[in-house]
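These notes concern the structure reproduced below.
The values are calculated or read from the model by the stated rules, or taken from the named source; none is laboratory data. Given the structure is predicted, the values throughout are model-derived calculations rather than measurements. Positions of Cβ are backbone-derived with ideal geometry, glycine not excepted, and every protein chain shown enters the neighbour counts.
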Amino acid sequence: MVSLGPFTLQNAWGFYALLSLIPLILLYLIKPKPKILDVPSLMFFLKSMGTNKITSFLKQLTKDWLFLIQLLVLLLITLAVLAPIMEYFHDISAAHTVLVLDVSASMQTKEDGTTRFQKMMQKAKEVAGSRNTVVLAKYYTKIALKDKGKSETVDFINSLRPSESSTRLGDAILAAGSILEQADKNREGRIIVISDFINTEGQDPSTAKSILESKGMIVDFVNIANDQEKDNVGFVKLVVDDQASVAYIKNFNNEPKKVTLTANDLTKEITLEPGQVEPFSFQTVGGITKLEISPKDDLDLDNYAYISAPDQLKSKALIITNNDSIFLTNALKATKLLDVEVTNPPIIPGGDYDIYFLQNIDPNEILTGTFEDLNARVEAGASLVINTQENMDKINLNPLFNLPVLEKIRSGADLIVQQVNKFTRNADFGKVEYHWTLGSDNPLTPFVTAENQTIIGMQQKGRGKIIYYGIMEGASDFKFSPSYPIFWTELIKFLLEKQDLNQLNHLTKDFLSTSQPQEVELPSGRRVVTQTVLLEDAGIYKLPGQKIASNLLDERESSITAVKSVTEKSAEAYQVQAIKEKRTFDISPIIILLAILAISGELVYLKFRGML
């Protein structure tokens, strides 16, 4: 191997190919020469020129184009045999820049008179290349911009706003690696991660970086957070219940901190020790409750929390009975969803109730028109639960409920769930010793049956619902089962179409899906029409008929004091530097092509001279 500056001859034995020039020169020297005749009229001129033989030879040599072409062909073949290559340095980092930008909640931390998010935007605009892709790191990774020029990338970065969700930074880094793989089979380019490197879930960022670097990719970590201790006290957990709710507050500082907590009209001052988590209890009220911690600190976002509850937390229920059952009454009161009243016929109080219960009534005490009145209330939207009793065949429920009661039979049959829903799926109904048969033409949709006879069923009537509950207390031990109060709680929720409070209160990493697109008002006030709502901003989302609260409540995301690793560079120190790789370029194919062209030229020349 012979080095000639930027060129390298890989096959030094190729110099022996120069010996092929010797036969060419010899053939040229021994080829027949034209005979010179003495012509008297020319002799004078030839003698007067005094041309020597050497000069004449060189002139003839340079004028013999066939010889020159053949000489060029041999030289090119010789050079090809030497296998020349050219060495050069190639920048493998400039082809494509993938920016992984952290837009999670912790990036709203106040720092150096601005926020980490603003510092990230500034640095991202500085390091953007001529061809860029932007990956947003939050709980759900988003490829926000793909393969755009610098000016368009800068415009996009200027339009960014932070989310209020936790971070899956490592997942975003792996996604950036996949993009670079797809964009360039040689994986040329650079991944620049700009973040405070507070990772709350998913793949560890350092592990993700090692995975990509093992594939030959360039990954730079730019930490825009400084090393100063941050001041933060924030909400980290929220437990919402119909009666009372509890918010948990943590002091992330290394010294005690005195704060004031506010929930509606309730105010409380507490002093938190370093790292202490303190519960704050308060009564749950209907509508929206805003919780606040003051004074403000370096992260305002976790100083607020929101609770959403139905405007009316409790509904009204009326039990119509002449022999009150402690099992039913206590189960209904235990739901904490109802204000329960008990009345004894013939007295039926006026007013509107959400649910009516008929249980152990005396047919002789029912006044004319009572069932007609209940029927009107059900059709207007109330619900009615009919509990069967021993003398059910003596009660005429028309026009309220046209249900032909045939006979009471003894069976000891198992109760079988026919339709799994919220109030049947967790209930163990056991057996029933006897029950009423209703006939196959009854209008009920069966939920629970015994020997193919409806025991629990429902009929829709007008805007309301009628529930037939055919488990008599004397015929079953279900009233002693732990499933009994759960069944009534879930049934009440079903009849009231009442949402669980947990369905109204979410984290900023959750999302909602609706059956069809509908208009949603975001916490920012912007309105969108969508079928899937990503709750990544803290605050209240207003949907038709309901309000959804979304909160950060992430202890790791609120731990905003940054800890830098050796793999990270500060925003001030980081500069984009070219990463050059030594490469070689094989010149042999070009030389062979030139040799082929030279041979073709020789053939054309011979044809032109009439030698072919």
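Considering (1) modelled with pLDDT of 95 or more; (2) surrounded by fewer than 20 Cβ atoms within 10 Å (Cβ to Cβ); (3) not small (Gly, Ala, Ser), the lone condition that GLU213 does not fulfil carries the number (1). Annotation note: of ARG377, ARG410, the sole residue that is exposed (fewer than 14 other Cβ atoms within 10 Å of the Cβ), at negative phi and not in a loop (DSSP other than H, G, I, E, B) is ARG410.
Among the residues making up region 150-203, a single one is in contact with a Leu (Cβ under 9 Å, 6 or more places away or on another chain), without any contact (Cβ under 8 Å) to a residue 24 or more places away in the chain and closer than 20 Å to VAL222 by Cβ: PHE156.
Filtering region 348-369 down to residues that are in contact with a Leu (Cβ under 9 Å, 6 or more places away or on another chain) and modelled with pLDDT under 90, which residue is surrounded by the most Cβ atoms within 10 Å (Cβ to Cβ)? Step by step, filter region 348-369, then rank; the result is ILE348. Scanning region 305-336 for residues that are out of contact with any strand residue (DSSP E or B) (no Cβ under 8 Å at 6 or more places or on another chain), of a type in the set (A, V, I, L, M, F, W, C) and either touching a residue at least 12 places away in the same chain (Cβ under 8 Å) or surrounded by 15 or more Cβ atoms within 10 Å (Cβ to Cβ) (or both) yields LEU313, PHE327, ALA331, ALA334.
Residues in region 415-444 that are under 20 Å from PRO485 (Cα atoms) and either at pLDDT below 85 or not in a loop (DSSP other than H, G, I, E, B) (or both): ILE416, VAL417, ASN426, LYS431, VAL432. In this structure, LYS146 does satisfy being modelled with pLDDT of 90 or more, among the charged types (D, E, K, R) and outside the structural domain of LYS509 (by TED's automatic domain parsing). The number of residues in region 97-123 that are part of a helix (DSSP H, G or I) and more than 14 Å from ARG161 (Cα to Cα) comes to 1.
Residue count for region 165-196, restricted to those that are surrounded by fewer than 23 Cβ atoms within 10 Å (Cβ to Cβ) and not small (Gly, Ala, Ser): 10. Listed conditions (1) assigned to a strand (DSSP E or B); (2) over 17 Å from THR489 (Cβ atoms) are all met by PHE447, apart from (2).
Per this entry, SER245 is counted among residues that are more than 23 Å from the chain's Cα centre (by Cα), over 22 Å from ASP298 (Cα atoms), modelled with pLDDT under 95 and outside any loop (DSSP other than H, G, I, E, B). Out of the residues in region 476-526 that are among the polar types (S, T, N, Q) and part of a helix (DSSP H, G or I), which is surrounded by the fewest Cβ atoms within 10 Å (Cβ to Cβ)? Going through the qualifying residues, I end up with ASN502. When HIS506 is tested against (1) more than 19 Å from ASP414 (Cα to Cα); (2) in contact (Cβ under 8 Å) with a residue 60 or more places away in the chain; (3) under 41 Å from the mean Cα position of the chain (by Cα), exactly one condition is not met: (2).
Whether a residue is of a type in the set (A, V, I, L, M, F, W, C) and either farther than 22 Å from GLY539 by Cβ or in the same structural domain as TYR541 (by TED's automatic domain parsing) (or both) was assessed, and VAL259 does not pass this test. When THR449, THR454 are checked against the criterion of being under 45 Å from the mean Cα position of the chain (by Cα) and farther than 21 Å from SER325 by Cβ, a single residue qualifies: THR449. Of all residues in region 471-500, those that are in the same structural domain as TRP436 (by TED's automatic domain parsing) and at pLDDT 90 or above have Cβ atoms under 8 Å from Cβ atoms of residues that are in a helix (DSSP H, G or I) and among the hydroxyl-bearing types (Ser, Thr, Tyr), 6 or more apart or on another chain, in PHE478/TYR484. ILE456 falls short on exactly one of the conditions (1) on the phi > 0 side of the Ramachandran plot; (2) outside any loop (DSSP other than H, G, I, E, B), and that condition is (1).
Within region 142-161, not a single residue is crowded, with 22+ Cβ neighbours inside 10 Å and within 26 Å of SER214 (Cβ to Cβ).
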